[in-house]
Amino acid sequence: MKLGSDITAIVSGGASGLGGATSEALAARGVKVAIFDLNEAAGVAHAAKIGAKFYKCDVGNEASVDAAFAAARADLGAERVVINCAGIGIAKRITRKDKETGKIEPHDLASYARVIQVNLIGTFLMISRAAAGMQALVPITADGERGVIVNTASIAATDGQIGQVAYAASKGGVLGMTLPIARDLAQSGIRVCTILPGLFQTPLLGSLPEEARRALEASIPFPSRLGQPSEYASLACHICENSMLNGEAIRIDGSLRMAPR
C-alpha cells in the first residue's frame, strides 16, 4: 500500500513518544492522520504541528474507542491504516514484603488489570473496530489489499524482567494474537503485524539520570544507544508499504536480550 494523500491513518498514543513520531512520519508522507490519545493538551498541540486531527480516546474503554472511530471517519474518511502505540506500564513483582510488618503480600489485581485493559484489551478493541471498517472498503492494490494494522508489543513480551509481570503479560498477549488475527483477516486483504521495540528514547527513559541512561545504552550490543522514535516510525511506515509483511512480529532492539533485572 502506497502511503499518500488518499490514505487515512489512525495512530493510538499518537500524541508523543513512538506514536508521536509515527503520526508525524505519516503526515510527512501526505497521509490524513487521526491521533487518538488521552492527553488532550499534547494531542492538540502535536496535531496542530503536523497537520493532523486529534481525538481524545481511552483505548481501554469500548465506548470511547467507538466514539473516536466514528468522529475520525466522519472527518477524514475511512481508515486504511491503524497503528497501535497506546500503552502503559508499572513496576511490581508478583509478591512484595511489607517493610513495616514483614508480611508477604501478593501483586494487587487492580493495577495488573489496568495494564491488561489498556495494553491488551485496548489493542484488541482498536484492531476489531479497524478490521470491521476496513472489510467494508474496496481493495486498493492489485493484490486486493484493503488495509494494514500495526501493533506495538515490546521485547518484554519474550524477555520480561523482574517487576514486569503485568507489562510482559500484556505485551505477550499482543504478540500472541498477531498471527491468528492476520489469518482471520487474510481473506479480506487486511494485513496485521506487530513491532517489538527494545529500549527507546521516550519521555519515560528520557527522564532518567545520565548515569542510568548510559548504563542502559551499554547493555545494547549495537548500536549502543537508545533507539530513536523516528526509527520505530520508519519501520511502521515500511510495514504499511511492504505487502509481503503479514502476521509477523519484528524486533527493533539493536540485538538486545534483556537480563533478569
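Here are some notes:
- Mean Cα-pair separation over length for the chain, i.e. relative contact order, pairs under 8 Å, 6 or more apart, %: 20 percent
- Against the main long axis of the alpha-carbon atoms of the chain, helix 165-185 sits at an angle near 20°.
- Under the Karplus curve 6.51 cos²θ - 1.76 cosθ + 1.60, θ = phi - 60°, whole-Hz ³J(HN,Hα) for region 136-141, x wherever Gly or Pro sits: 8, 8, 7, x, 10, 10
- Qualifying trypsin sites (Lys or Arg not before Pro) for region 54-115 [loop in DSSP, other Cβ within 10 Å: at most 12]: Arg93, Lys99, Lys103
- Sorted peptide list for 127-137, 186-196, criterion being average Cβ within 10 angstrom, highest first: 186-196, 127-137
- The long axis of helix 122-135 is offset from the longest Cα principal axis of the chain by roughly 10 degrees.
- Taking every lysine pair in the chain that is 8 or more places apart or spans two chains, those with Cα atoms closer than 20 Å amount to 6.
- The chain: most fluctuating residue of Tyr55, Tyr112, Tyr167 per GNM, C-alpha cutoff 10 Å: Tyr112
- Considering only Ala45, Val31, Cys85, and ranking their Cα positions along the charge dipole of the chain that arises from unit charges at the beta-carbon of Lys, Arg, Asp and Glu, the one farthest toward the positive end is Cys85.
- Cut-off of 10 Å, at most 16 other beta carbons, DSSP loop: longest stretch of the chain lacking such GluC sites (Glu not before Pro): 101-247
- Sum of -39500 (n - 2.57) over DSSP H runs of 4+, divided by residues of the chain (222 nm, nearest 500): -13000 deg cm²/dmol
- Cα-derived Rg to Rh of the chain, Kirkwood definition: 0.98
- Cα centroid separation - region 57-132 against region 143-179, whole Å: 12 Å
- Size of charge dipole - region 8-251 - debye, nearest 20, with Cβ of Lys, Arg +1 and Asp, Glu -1, no other charges: 160 debye
- Distant alpha-carbon pairs in region 195-241 (separation over 14 angstrom), percent: 53 percent
- Against the chain, whose longest principal axis comes from its Cα atoms, helix 62-76 is set at around 40 degrees.
We did not get these values from a lab; they are worked out from the coordinates using the rules stated. Keep in mind that this is a model prediction, so the values were computed, not measured. Ideal geometry is used to build each Cβ from the backbone, glycine not excepted, and the neighbour counts take in all protein chains shown.
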